[in-house]
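What follows is one structure encoded as structure tokens, with my remarks underneath.
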Amino acid sequence: MDVRSWIRVGIIAGIVTIFLALVGLIGRFVDLNLVGEQVTFARLVLIAAPLVAGYAVTRPRIRAGERRALAPRDAIMAGAVSGATAGLVFGIAVVAADAFGIDRIRSVFLNVSQPLIDFVTFGQPPVVGAVILTAVSAVAGGLAAGLRVTPIAVRRPITTAVSAVLVLGFLQRIIPIALDQLNFERDWLYSRSIGGLTWLGAILVAGVAAGLSVLNARKGRDLRARLFSTREESTGVAPAQLGLALVLVAVLVAVPWVVGEVISQVLGTVLIYVLLGIGLNIVVGYAGLLDLGYVFFYAVGAYSTALLTGAALNTFTGSGPPAVSLDLNFYLAIPIVLVIAACAGLLIGAPVLRLRGDYLALVTLGLGEMVTVLVRSPWLVPLVGGPNGMRGVSDAAVAGFGFREPQHFYYLALGFVLLAIFVSWRLSASRIGRAWTAMREDEQTAEAMGVNTTRFKLLAFAMGGAIGSLGGSMFAVQIGSLTPQSFEVTVSILVLGLVILGGLGSLPGVVVGALVLVGLPGLLREFEEYRGLAYGAALVAVMILRPQGLVPNVRRSRELQEEERAQDEWALEKEADVAVVEGIST
Amino acid sequence: MSETPAVLEVRGVEKHFGGLYALSGLDMEVRRGEVVSVIGPNGAGKSTLFNTITGLYGPDSGDVWFQGQSIVGLKPSQITRLGISRTFQTVHLFPNMTVLENAMVGQHSRSRSGLLGAVLRLPSQRKEEERVRGKAREALSFFGRRLSGYRHEQPAFTLSYANRRRLEIARALATEPMLLLLDEPTAGMNPTETQELTDQIWRLRKDRGVTILVIEHDMRVVKGVSDRVIALDYGKKIAEGTYEEVAHDERVIEAYLGTKASA
């Protein structure tokens, strides 16, 4: 019975709720209905921290080499105590705020308002509200704790169902539009008047999700084995795998027409960042060179595409031709862009060859910053238009079929993404990839084993730069005009963030990372202001809970656990051996 | 032995770190097919000697010749390509690569397929990969069952300490060296493992014709493997000869006892 730690976790959760209230995540979303009018985003935020606290305090602990899980009754008790503490802390803060004067607090914390206080006290006087808060939070904590100690066969369907309902609730601006586009009757699922899911819809979604989860638990292993078996001896393609591939292709092709123009626009941007991520993944993930100036290649790709395909400068009087430009077909220009970017990679790589780690990061950060200064500088106005930028970039048309339309652009970007994934995958599985891995793990030893580290570092910069420049090219095609605002250091940070979030060295990780860091903010426009907060929270959470990334490098994670166990057994045997040997020698 | 040509010649090599002379005017040579041990108290300059030969350090003066050409100023990877390979005093594997991949990295300088071959997976590249894998397996097979079978696919960090040392030697063998430098290969091994490795060093020379220069503290190993022993102290050669000669040399005994007394 570790009451002290239950209370400690509860206090932290209470402080988290205070923070969430102060930044406005409760007060501003009182009317954001997720399910019916009862489950609102604000209510969810109010009980989120107690839920997490209740779940966290009941985690099994290792004491004296034994894994100890709490008995169900103790666990629910622990969760309730934690939740109640959280609610109490928040309740006290509410009472104190009310006593102090809402308007005085409001002069510093703009989001604190009378409606917020009314909401969190359930319309009661503050003290009564605090008591209700404590009770509600205790129930939430107890529920979360109870969930944790239920057997996995019950717990997993429940969590799957709840997550599915919440996800669909959040996507209320997107899925209904897609359904409408398909002329699909949707009023039973999404309510037109209140925004979120209807209760009927929510129950159906929960039922389907739970059912799928149960099915997955029973048949999933078998199914996965048939779909993803990568055993070398299996020659040819299994029918199940072929089916999966066909479905995947069909989905990829159909997506833009299902989701509509607005989301296709978001997906196009996601694909651009996937290209950037694949490129940076070669530099950081494969070769282990931390590059904080990756926006350099984004800019090189975008501006060289513009110059090669005959874009015009924006000037005060209208438009004018750049000092140097060609009027090439887009597909002729791309190889040249790749070569230019690869040369730029060598240019960046050469001065930083001797640097490692922090120093390399700092110098590349500086080099990346140079590009933003350069494209703005008066010196380059005749070439790239300075702050006014350029317009009229090719829309990469093939036989009159342009790719500027979001739904068309998606296919162009998808094509280049698939190409980049293919190249990157082949490289990683070759002698070159092996040399990069060796270099990343131990540079000096790789050199001593015959890997010319100078050459392979430069190769990584050149390849990473070339693929990243494709992202720039796509961006130029997507919007047709370029201004320096698009080439800030934030691009470098975002791309590095998505590569790390997804899992260094993992191609599926890049895709997932881009969907999370670029796609989600594009979809959840109503949370635009909280983008930075969510971004930071996501990175911190991943680094603590899953430092290898969301979709880590496959082979490593698969083997890790059982190998460790085998090794432990081996070590025990070995210790016994050594003890015997020592016994003999002394 | 003097009729066999010297494979490695170290001529008047000096290397100092600030005021500390790690090597001062060292002359030595290793002839083809020999096993030569380098002994000396801690800080005598043994590992510095290895680092200088393999190009990790450039000497301050003096020259190193390998098979009739000076290798001073070459990069470590170039020296490996010429046929010198090594292990490290503290094991330096690629911990997250598999055992087989570690050995395959050793084949790097014996293969050449580049960007185009990798992306298009040309027939020549595939054939080369097969060859590299075969050579790596062969290098690992030198240690028999110790590094065989399912272990090939294990990440290197899961290996036991002794197996890590063996893998490091196998990786060095995979570079197809003519001269192999072993830096305290038996450190941390138990007596059985040490004996096993002593035999294997013999076998390396006998079966594969590899010339070996080894740093070793365990005098039983030194006695067991060496044709010739060189003793260093303060970066200078203080004795050279058979194990018996060097072991009874007064300066050697003094060097070792001296360190013991001051320790």
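The values are calculated or read from the model by the stated rules, or taken from the named source; none is laboratory data. No experiment lies behind these values; they were computed from the predicted model shown. A quick note on method: Cβ atoms are made from the backbone with ideal geometry, for glycine too, and the neighbour counts reach across all protein chains shown.
In the condition set (1) among the hydrophobic types (A, V, I, L, M, F, W, C); (2) touching a residue at least 24 places away in the same chain (Cβ under 8 Å); (3) at positive phi, A:Val57 is compliant with all but (3). For the range A:49-75, a residue qualifies if it is in a helix (DSSP H, G or I) and surrounded by fewer than 17 Cβ atoms within 10 Å (Cβ to Cβ), and the qualifying residues are A:Pro72, A:Arg73, A:Asp74.
The lone criterion from (1) within 12 Å of chain B (Cβ to nearest Cβ); (2) small (Gly, Ala, Ser); (3) on the phi < 0 side of the Ramachandran plot left unmet by A:Ser492 is number (1).
Summed over the range A:332-379, residues that are charged (D, E, K, R), within 19 Å of A:Asn452 (Cβ to Cβ) and more than 30 Å from the chain's Cα centre (by Cα) total 1. Regarding the range A:360-367, can at least one residue be identified that is surrounded by 18 or more Cβ atoms within 10 Å (Cβ to Cβ), under 30 Å from B:Leu93 (Cβ atoms), touching a helix residue (DSSP H, G or I) at 6+ places or on another chain (Cβ under 8 Å) and of a type in the set (A, V, I, L, M, F, W, C)? Yes. In the range A:187-209, the residue that is nearest to the chain's Cα centre (by Cα) out of those that are surrounded by 19 or more Cβ atoms within 10 Å (Cβ to Cβ) and farther than 18 Å from A:Leu32 by Cα is A:Ala209. Is it fair to say B:Ala172 is free of Cβ contacts under 8 Å to residues at least 60 places away in the same chain and small (Gly, Ala, Ser)? No. Looking at the structure I just gave you, is B:Leu56 over 24 Å from A:Asn553 (Cβ atoms), free of Cβ contacts under 8 Å to residues at least 24 places away in the same chain and at the interface with another protein chain (Cβ under 10 Å from one of its Cβ atoms)? For B:Leu56, the condition - over 24 Å from A:Asn553 (Cβ atoms), free of Cβ contacts under 8 Å to residues at least 24 places away in the same chain and at the interface with another protein chain (Cβ under 10 Å from one of its Cβ atoms) - is met. Every condition in (1) within 14 Å of chain B (Cβ to nearest Cβ); (2) touching a strand residue (DSSP E or B) at 6+ places or on another chain (Cβ under 8 Å) is met by A:Ala476 except one, and the failing one is (1). Scanning the range A:73-105 for residues that are more than 15 Å from A:Arg59 (Cα to Cα) and hydroxyl-bearing (Ser, Thr, Tyr) yields a total of 1. With respect to (1) surrounded by 12 or more Cβ atoms within 10 Å (Cβ to Cβ); (2) assigned to a loop (DSSP other than H, G, I, E, B), the lone exception for A:Phe184 is condition (1).
Taken together, A:Leu482, A:Leu498, A:Leu520 contain a single residue that is of a type in the set (A, V, I, L, M, F, W, C), out of contact with any strand residue (DSSP E or B) (no Cβ under 9 Å at 6 or more places or on another chain) and in contact (Cβ under 8 Å) with a residue 60 or more places away in the chain, which is A:Leu498.
Filtered by the rule that a residue be over 17 Å from B:Ile39 (Cα atoms), buried (at least 18 other Cβ atoms within 10 Å of the Cβ) and touching a Lys or Arg at 6+ places or on another chain (Cβ under 9 Å), the range B:201-233 gives a lone residue, B:Thr211.
Only a single criterion out of (1) surrounded by fewer than 23 Cβ atoms within 10 Å (Cβ to Cβ); (2) touching a residue at least 60 places away in the same chain (Cβ under 8 Å); (3) assigned to a loop (DSSP other than H, G, I, E, B) is not satisfied by B:Ala44, namely (1). Note on the range A:377-473: enclosed helices (runs of 4 or more DSSP H) holding 1 or more residues that are within 14 Å of chain B (Cβ to nearest Cβ) are A:406-428, A:431-441, A:443-448.
State all residues of the range B:164-176 that are surrounded by 21 or more Cβ atoms within 10 Å (Cβ to Cβ) and not basic (Lys, Arg); if no residue qualifies, say none. Scanning the range B:164-176 gives B:Leu167, B:Glu168, B:Ile169, B:Ala170, B:Ala172, B:Leu173, B:Ala174, B:Thr175.
Listed here are the residues, each with its yes/no results for (1) among the aromatic types (Phe, Trp, Tyr); (2) surrounded by fewer than 22 Cβ atoms within 10 Å (Cβ to Cβ); (3) touching a Gly at 6+ places or on another chain (Cβ under 7 Å); (4) touching a residue at least 24 places away in the same chain (Cβ under 8 Å).
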site	(1), (2), (3), (4)
A:Asn281	no, no, yes, yes
A:Asp291	no, no, no, yes
A:Gly301	no, no, yes, yes
A:Leu313	no, no, yes, yes
A:Gly318	no, yes, no, no
A:Ile336	no, yes, no, yes
A:Ala341	no, no, yes, yes
A:Ala350	no, yes, no, yes
A:Leu355	no, yes, no, no
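Residues that are touching a residue at least 12 places away in the same chain (Cβ under 8 Å) and either touching a Cys at 6+ places or on another chain (Cβ under 8 Å) or of a type in the set (Gly, Ala, Ser) (or both) within the range A:447-462 comprise A:Ala460, A:Ala462, listed in sequence order.
Answer with yes or no whether A:Gly503 is modelled with pLDDT under 95, within 14 Å of chain B (Cβ to nearest Cβ) and under 20 Å from the mean Cα position of the chain (by Cα). Judged against the criteria, A:Gly503 is a match. Counting only helices (runs of 4 or more DSSP H) wholly contained in the range B:69-146, the ones carrying 2 or more residues that are more than 11 Å from every other protein chain (Cβ to nearest Cβ) and polar (S, T, N, Q) occupy B:123-141. Please enumerate the residues belonging to the range B:6-54 that are within 13 Å of the chain's Cα centre (by Cα) and of a type in the set (Gly, Ala, Ser). Result: B:Ser37, B:Ser47. Against the condition farther than 30 Å from B:His152 by Cα and either surrounded by fewer than 23 Cβ atoms within 10 Å (Cβ to Cβ) or under 19 Å from the mean Cα position of the chain (by Cα) (or both), how does B:Thr87 come out, does it pass? Spelling it out, it is not the case that B:Thr87 is farther than 30 Å from B:His152 by Cα and either surrounded by fewer than 23 Cβ atoms within 10 Å (Cβ to Cβ) or under 19 Å from the mean Cα position of the chain (by Cα) (or both). Checking each residue in the range B:1-41 for being in contact with a Pro (Cβ under 9 Å, 6 or more places away or on another chain), surrounded by fewer than 17 Cβ atoms within 10 Å (Cβ to Cβ) and under 23 Å from B:Pro177 (Cα atoms) picks out only B:Arg32.
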